[in-house]
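Since the structure comes first, as structure tokens, the remarks are kept for the end.
Derivation of every value follows stated rules applied to the coordinates shown; laboratory data play no part. As the structure is a prediction and not an experimental result, all values here were calculated from the model. FYI the Cβ positions are ideal-geometry reconstructions off the backbone, even for glycines, and counts take in every protein chain you see.
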Amino acid sequence: MPFVRITIVGETLADDPAAKKAAISSQVTAAIAEATGLSEREISVVFDEVDAGNWYVGRIDVGTLRSRSQQEST
């Protein structure tokens with residue numbers, strides 16, 4: 001019975017968390033079911049939401065990286 005844990009920056013889901021989680025879960029579950037031949041009822045998906053200030057890429061937190069990216073694109 002596959003168990004999928006998805007860790008995601010919570011702000012990514014901000015405008016409609018329930019719908020986005022449902023869409024992600026649906027697509028991940030379908031892919032695993034197709035690849036393994038298991039029933040979708042046998043596949044579990046859990047979301048761990050992390051604040052952007054607590055997720056680092058190298059030495060820089062994601063919140064800072066996003067701010068920099070937005071400043072560069074304007």
Debye equation applied to the C-alpha atoms of the chain, log10 I(q)/I(0) at 0.15 Å⁻¹: -0.64
Whole-number percent relative contact order across segment 1-49, with pairs defined as alpha carbons under 8 Å at least 6 apart: 65
Net charge within 9 Å of V45 by Cβ-Cβ distance, Lys/Arg positive one each and Asp/Glu negative one each, not counting V45 itself? +2
From the phi angles alone, apply the Karplus equation (6.51, -1.76, 1.60; θ = phi - 60°) to segment 51-66 and give each ³J(HN,Hα) in whole Hz, x where the residue is Gly or Pro. 5, 4, x, 10, 10, 10, 10, x, 9, 10, 6, 4, x, 5, 4, 5
